[in-house]
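Here is the structure we will look at, set down as structure tokens.
The values are calculated or read from the model by the stated rules, or taken from the named source; none is laboratory data. If you're wondering where the values come from, they're calculated on a predicted model, not measured in any experiment. For neighbour counting, all protein chains shown are included, and Cβ atoms are generated from backbone atoms with ideal geometry for every residue, glycine included. All accessible areas refer to the heavy atoms of the entire protein, side chains included, with ligands and DNA or RNA removed. Shrake-Rupley method; radii C 1.70, N 1.55, O 1.52, S 1.80 Å.
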Amino acid sequence: MHNGHSGIFGPLVILMGAVFFSTPIISNPITPQASPLDPALAHRYFQEAEALCRQDNGKLWGVSLCGPMLFADPSTRRVVANQGDREGNLTREGDVFVGKLPDKLRVANTAVDWAGVRWTMVLWPLPEDKHDRADTMAHELWHRVQDDIGLPTSGPSNNHLDSLEGRVWLRLEWRALQEALKSSGAKRRAHVRDALAFRDYRRSLFPSAASEERALEMHEGLAEYTGARLSGRPRLAQAVADHLKEAEKTDTFVRSFAYASGPAYGVLLDEAGVNWRKGLKPENDFGLLARQWYLVKPPRDIKAEAEKASRNYRGDLLRAAEQEREDGRTKLVAKYRARLVDGPVLVLPLQRMELQFNPDILQPLETFGTVYPTIRISDLWGILTVSGGALINPSFNKIQVPAPADTSGRTLQGEGWTLQLDSGWSVAPGERKGDFTLKKGG
């Protein structure tokens, strides 16, 4: 989820506990509407969402996407909902219910439990374009029901997609998918075959790639596919192909790639004339489904097949560009390692966290975890706001920032971060000399 719909390149993501959600990026950048939140306009959008659900009538996933929904203004925390809550926090105002979110609840595009109700929360303002707006709402409506249909939330980082080889073969897969979406018959099948060759070869290079990619595609990929499918967008296959082309320009793919691959494979499977969604499980894989329904046999030599096919998609120029990026990434990794690993740090435990960040700018840091250049975290110990980079470990149970010069007071500051420390928590010496950590009490 993110603080405002920002088009293809700017989804922010919110994690609650270890659960990862995000927001659709297939739609075009928007022009903000008038703010503050307008209850009358919100009511019209609720009607659009209900009409979208009725038109679908459970055909996509076997369940209705309709349900409790609210629009939230991140600047004021005001909300307008399509129904009341169970704790009396919302007040009826004409055809809608209005109120304000508590400070501890993050305002984001998400599925959220609040005031005794499981809500679809969507940030205000919504896109002005009706297709973009439907895309956004359908994406988030799917997140609210995904657990009910046996496709639970999942958010592995897919750090291999920030490496040179990971990026090269992912971009080649996307290029083949673009051509498949724009063609038909034997030509489409040939491009699907190439896409699967690139996909399989990439996964052969990284031991955990298949499971990590599958998990995110069966989460955000399906949500984004749902948004695209129910958006009412004309010439959907072409729109999805255009989105793939733009997605190649994203700074990092580790948490955002599924937004592009999900709609691409979903639409191609739809156009194969099969109900691939029926009985879908988390262990299913888009690549295996496409291989099955497009009758593509695995090649005997996957590396040779992938390298041969890459010539059809300007693979040599792509690799040269990615090598230049890799050289810059190496320097950035060295800088982050010096600040967040080798130097003195403040380590904060992640227990009941709620995190908000931009998945398009994350930076894997060797075996130490992932750097979040900007992030805002609410946890039992308070609120951490980072503008200069923070490191979350692979187990996702701690985050560290450069050590502060002064550890007194309830507001702590360091290089590129601020911590509002709750009562009942204090700073204590860490494991290494010069490090700090948080402890309860004191």
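Miscellaneous remarks
- Within the stretch 337-370, the set of residues being under 19 Å from S256 (Cβ atoms) and modelled with pLDDT of 95 or more is empty.
- Contacts under 8 angstrom Cβ, first residue in the stretch 400-428 being more than 23 Å from K104 (Cβ to Cβ) and free of Cβ contacts under 8 Å to residues at least 24 places away in the same chain, partner part of a strand (DSSP E or B) and open to solvent by 30 Å² or more (accessible area, probe 1.4 Å), 6 or more apart: D406/Q413; A428/F436; A428/T437; A428/K439
- Single match in W61, W119 (criterion: in contact with a strand residue (DSSP E or B) (Cβ under 7 Å, 6 or more places away or on another chain) and in contact (Cβ under 8 Å) with a residue 12 or more places away in the chain): W119
- In the condition set (1) open to solvent by 40 Å² or more (accessible area, probe 1.4 Å); (2) closer than 11 Å to A264 by Cα; (3) among the aliphatic types (A, V, I, L, M), A241 is compliant with all but (1).
- Conditions (1) at pLDDT 95 or above; (2) of a type in the set (S, T, N, Q); (3) under 25 Å from the mean Cα position of the chain (by Cα); number of the one not met by T330: (1)
- Checking T153 against (1) part of a helix (DSSP H, G or I); (2) surrounded by fewer than 22 Cβ atoms within 10 Å (Cβ to Cβ); (3) touching a residue at least 24 places away in the same chain (Cβ under 8 Å), the condition it does not meet: (1)
- Of everything in the stretch 251-261 that is in a helix (DSSP H, G or I) and of a type outside the set (A, V, I, L, M), the residue that is farthest from A176 (Cα to Cα) is Y259.
- Count of residues meeting criterion [among the hydrophobic types (A, V, I, L, M, F, W, C) and touching a Lys or Arg at 6+ places or on another chain (Cβ under 8 Å)] in the stretch 91-133: 9
- Residue check for F9: within 16 Å of the chain's Cα centre (by Cα), hydrophobic (A, V, I, L, M, F, W, C), open to solvent by less than 30 Å² (accessible area, probe 1.4 Å) and at pLDDT below 90: no
- Residue in the stretch 122-144 that is without any contact (Cβ under 8 Å) to a residue 60 or more places away in the chain and crowded, with 20+ Cβ neighbours inside 10 Å present: yes
- When we screen L318, L268, L346, L280 for residues that are among the aliphatic types (A, V, I, L, M) and under 30 Å from T437 (Cβ atoms), the only hit is L346.
- Residues of the stretch 68-114 classified as part of a loop (DSSP other than H, G, I, E, B) and in contact with a helix residue (DSSP H, G or I) (Cβ under 6 Å, 6 or more places away or on another chain), total: 3
- Residue match in the stretch 156-166 (condition: of a type in the set (D, E) and touching a strand residue (DSSP E or B) at 6+ places or on another chain (Cβ under 6 Å)): yes
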